[in-house]
1. Can you name the residue in the range 13-56 that is among the β-branched types (Val, Ile, Thr) and touching a Phe, Trp or Tyr at 6+ places or on another chain (Cβ under 6 Å) and, of all such residues, is farthest from ARG69 (Cα to Cα)?
2. Given the conditions (1) in contact with a helix residue (DSSP H, G or I) (Cβ under 9 Å, 6 or more places away or on another chain); (2) within 23 Å of GLY4 (Cα to Cα); (3) modelled with pLDDT under 95; (4) of a type outside the set (Gly, Ala, Ser), which single one is not true for MET108?
3. Would you pick out the residues in the range 86-141 that are within 25 Å of ILE50 (Cα to Cα) and either in contact with a strand residue (DSSP E or B) (Cβ under 6 Å, 6 or more places away or on another chain) or of a type in the set (Asp, Glu) (or both)?
4. Hey, among ARG72, ARG139, which residue is closer than 29 Å to ALA27 by Cβ and of a type outside the set (Phe, Trp, Tyr)?
5. Tell me which residues, restricted to the range 26-82, are basic (Lys, Arg) and free of Cβ contacts under 8 Å to residues at least 40 places away in the same chain.
6. Counting only residues that are closer than 19 Å to ASN15 by Cβ, in a helix (DSSP H, G or I) and charged (D, E, K, R), how many does the range 67-112 have?
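The values are calculated or read from the model by the stated rules, or taken from the named source; none is laboratory data. Predicted, not measured: the structure shown is a model, and the values here were computed from it. Cβ sites come from the backbone with ideal geometry, for glycine too, and all protein chains shown count toward neighbours.
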Amino acid sequence: MTDGLKIRADIDSENVKGLLLINGGAAIALLAFLPHVLGKPEFGALARAILWGLVVFQAGLLFAVAHNRLRRKCSLVYEQYNFRPPGCQIFGRKLSEPCVCRASSVVMWLSVLAFCAGGAIVFCGGLQSLNQKAAVERRASDGTPTQLPTLTNPTLQGTPQERRP
């Protein structure tokens with residue numbers, strides 16, 4: 001193995017570790033924070049955003065693992081063709097690298113995108129929670145009830161005797 005090839009393989013390995021770290025670290029941070037916002041009405045939007053963020057970060061982890069596997073297969077294809085593999089053809093278009101290598105790049109970028117999307121989802125949920133909290137504080141200062149409205153079924157209001165047809 002040439003020095004350049006070894007260096008590129010090491011860089012690719014560090015790239016996979018980074019993808020696993022950012023998505024996994026974000027998921028762990030959200031899991032640690034989730035109990036602090038659950039059950040608090042003023043943080044309802046944030047709790048939902050955290051749950052959606054967890055789903056997106058988990059997808060990012062899956063993409064990172066898939067990238068690592070496809071990267072390995074790509075390396076085998078290059079080795080099989082003495083580092084001059086034929087390009088892939090997709091939709092009648094000839095690409096410069098094998099399909100498995102292109103797929104590896106795609107899922108790598110999907111993992112990065114998942115991290116960005118998960119962060120954006122949690123950020124937007126945080127902003128919504130700030131608005132909810134401000135509304136609760138405004139109601140408290142006005143003397144109105146501070147509880148956020150809840151969805152109820154109007155047919156279930158009243159005592160059981162009152163609800164009978």
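1. VAL37
2. Status for MET108: all satisfied but (3).
3. GLU137
4. On the way: ARG139 fails: closer than 29 Å to ALA27 by Cβ.
On inspection, the qualifying residue turns out to be ARG72.
5. If we filter the range 26-82 for residues that are basic (Lys, Arg), which is where we start, we get 40, 48, 69, 71-73.
Once the filter is applied, which keeps residues that are basic (Lys, Arg) and free of Cβ contacts under 8 Å to residues at least 40 places away in the same chain, the range 26-82 yields LYS40, ARG69, ARG72, LYS73.
6. So in the range 67-112, the residues closer than 19 Å to ASN15 by Cβ come out as 67-78, 97-98, 100-112.
Adding the requirement that they be in a helix (DSSP H, G or I) leaves 67-78, 100-112.
Still in the running and charged (D, E, K, R): 69, 71-73, 102.
Residues flagged as closer than 19 Å to ASN15 by Cβ, in a helix (DSSP H, G or I) and charged (D, E, K, R) within the range 67-112 amount to 5.
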